[in-house]
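What follows is a set of notes on a single structure, which appears directly below.
The values are calculated or read from the model by the stated rules, or taken from the named source; none is laboratory data. A quick note: this is a predicted structure, and the numbers were derived from the prediction, not measured. Neighbour counts are summed over all protein chains in view; Cβ atoms, including those assigned to glycine, are modelled from backbone coordinates with ideal geometry. Heads up: the accessible areas ignore ligands, DNA and RNA and are worked out on the full protein's heavy atoms, side chains in. Shrake-Rupley method; radii C 1.70, N 1.55, O 1.52, S 1.80 Å.
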Amino acid sequence: MMTLADARQIPGMIEPVEQELLFNLARSIPLNSEDSIVEFGSFFGRSTYCLSLGLQENPTRNPTHKVRAFDSFSCAVNGAFAGHVTQFAKAGNVENLIKRQEDRLDFSEVFRHYLRNFSTRGLLDFYQWELSDSQPPAGNIALMHVDSPKFYDELKFIFYRFFPKLRAGSKIVFQDYFYHWSATLIAAVQVLKKDGWINYEYSAATSLVVTVNKPFQAADLLAIDLQMQDKAAVLGLIDSAISDTRSLRIDRPEVFIPRLTFAKIQYLWELGLHQEVTRVISDFFNTGNALNLQLVDDFIELMSYGFSIRKLYELDHQTP
Ligand SMILES: C[S@@+](CC[C@H](N)C(=O)[O-])C[C@H]1O[C@@H](n2cnc3c(N)ncnc32)[C@H](O)[C@@H]1O
């Protein structure tokens, strides 16, 4: 019998609380005819396994329902992600399934290997596509797990093509929302909240769970896009996101809430606003925040990449 504990055998990046979260949401979300559960960013399939197992146990499931997993399942040999691929493949003893094709590593065989049981039984379809090429399924999306783009520029492909498939009551899990590299993702999600499209629910590790209030139309998404073009507005949106955590149930707040401030610092640094960075850091400590080991590690990681991973990311994926 397959259990959630089996997901931990798949090397991956989501924590046990997030594994349970995805499983529980996929098991309990009411499914209408032709609904899908959609995931962006599957890697070796740990999160996909949790969603697929949840769908399998969903009492409203019929044979048309599927988990649909989108990932390029590849990265550049010299990009930001290759180190993770090699390290996780070693941990799972699946290095032989990684294929090198010129200057790229393809890990789709690893995903196939771990998820075979679900795909052969028709519960899971997967698409080896860049986000820029990804197209939505027919029917609506009841549950969406967003774990590939950390930048609004790529999130936009999901917004424009997939968000109109969400309906009132659909759930979205933004993985890596509480993450110091996610500044523009945090701001974009905050626009959705501010303009009444979504409600924030609660968090688990870096994941934020939200509920969709009303269906998205293309024109609404254009209005959201215009707000994201204004860099000062993006900074203000991150500030509002930080304030909004006060009224939410946040998992390990001392670790995850400061990450929103770190994301702001990262974004300011990338914009060259170094004086502003020093002000944000002073404010952070003057308002009662204390250092802990995790925060020091996060800050060291930001520094070690010169406060920007964009160039490395552009080696791994097709960007607009
Ligand atoms: C953090 S990993 C996902 C971890 C996974 N959910 C787990 O449970 O272990 C991010 C994944 O997103 C994919 N990804 C990132 N940007 C992408 C893009 N622009 N197009 C397609 N895939 C992308 C990467 O290939 C990678 O597998």
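Ordering of 262-268, 78-84, 152-158 by packing is 262-268, 152-158, 78-84, highest average first (other Cβ atoms within 10 Å, averaged per residue). Indicate the gyration tensor shape class of segment 205-283 (rounded, prolate or oblate), computed on the Cα atoms with a ≥ b ≥ c the square roots of the eigenvalues: a/c under 1.5 is rounded; otherwise a/b larger than b/c is prolate and the rest oblate. Because a/c hits 1.5 or more and a/b fails to exceed b/c, segment 205-283 counts as oblate. Annotation: the antiparallel percentage among DSSP beta bridges lying fully within the chain is about 45.
On full extension, the segment bounded by Met303 and Ile281 gains 6.5 nm, given 0.36 nm per residue less the C-alpha separation. Summing Lys and Arg as +1 and Asp and Glu as -1 over all other residues whose Cβ lies under 9 Å from the Cβ of Ile29 gives a net charge of +1. Taking Cβ atoms as reference points and 15 Å as the exclusive limit, the residues near Phe284 contribute a net charge of -2, counting Lys and Arg as +1 and Asp and Glu as -1.
A simple packing score, the average count of other Cβ atoms within 10 Å per residue, orders the peptides 111-121, 294-304 as 111-121, 294-304, with the highest score first.
Arranged from highest to lowest average of other beta-carbon atoms within 10 Å per residue, in what order do the peptides 306-317, 161-172 appear?
Those peptides, ordered most packed to least, come out 161-172, 306-317.
Full extension of the chain between Met1 and Lys214 yields a length gain of 72.8 nm, computed as 0.36 nm times the residue separation minus the alpha carbon distance.
Based on Cα atoms of segment 4-316, Rg over Rh with Rh as the Kirkwood radius reads 0.95. Label zone of Val77 (point 7 Å out along Cα→Cβ, amide N under 19 Å): in segment 120-142 this covers no residue at all. If R0 is taken as 41 Å, the Cβ-Cβ distance between Tyr160 and His113 corresponds to a FRET efficiency of 0.80. In this rough spin-label picture, where each label sits 7 Å from Cα along the Cβ direction, the Gln128-Gln87 distance is 2.5 nm. Averaged per residue, the chain has 43 square angstrom of accessible surface, using a 1.4 angstrom probe with ligands and nucleic acids left out.
I need the shape label for segment 269-310. Rule: rounded when a/c is under 1.5, else prolate if a/b > b/c, else oblate, with a, b, c from the alpha carbon gyration tensor. Here segment 269-310 falls in the oblate category. In plain terms, the chain from Asp230 to Arg246 could stretch by 3.2 nm, reckoned as 0.36 nm per residue minus the Cα-Cα distance. Annotation for segment 1-37 versus segment 188-231: alpha-carbon center distance of 23 Å.
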